[in-house]
Amino acid sequence: MKPRSRDIGFRPTRRGSRRAGALLGCLVLFGGLLAACGGSEVRREATVKRIAPDTLAAWMRSGQPLVLFDTRDRDAFERRHVPGAMAAETRRVGQLRDVLPRDPDTPIVVYNEDGTMDPAGDDLATEAAETFHFSRVYWLEGGLEAWAAAGFNLDGRQVLER
């Protein structure tokens, strides 16, 4: 006697085929989203935002707690920097763990000389956002040059020597 398909479990039920179709659809959608994102660059844009010098100055005047990281080399930092900034030439947040705020909603602002998102500064900002889960990580638009051009105060040797 020839076995029937339902006797040996080959015949899919409508319910099973709907589930399989839904699962396949989800996988295709997820794959499409990954392909559309084009990798980590989009992810970084979503987690590290830009901040204008005047907005940063307003935050500083308000007394709002924030952390400023200067990613330039130590000598450049000592010559001049945004008041309250910390030298972060290590460019790794994990190495700066002792100075990180406990509150993950505390703004962290990262800058360099000209505001271009160089790999070192971008890595520091991205690590703060993604690895340490800080929700408010910013890159200073125009960097220290824009800060100085806007007429905001600077600290450091070069400022004291004037």
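Taking amide H positions as modeled 1.01 Å from N, with prolines and chain starts lacking one, the residues under 5 Å from LEU68 and 5 or more places away or on another chain are MET86, VAL109.
Each Lys or Arg adds one and each Asp or Glu takes one away; over the other residues whose Cβ falls under 15 Å from the Cβ of ALA149, this sums to -4.
Summing Cβ point charges (Lys, Arg +1; Asp, Glu -1) relative to the Cα centre of the stretch 40-161 gives a dipole of roughly 320 debye.
Read the figures in this text as sums done on the coordinates, not as results from a lab. If you're wondering where the values come from, they're calculated on a predicted model, not measured in any experiment. Note: ideal-geometry Cβ built from the backbone for every residue, glycine included; neighbour counts use all protein chains shown.
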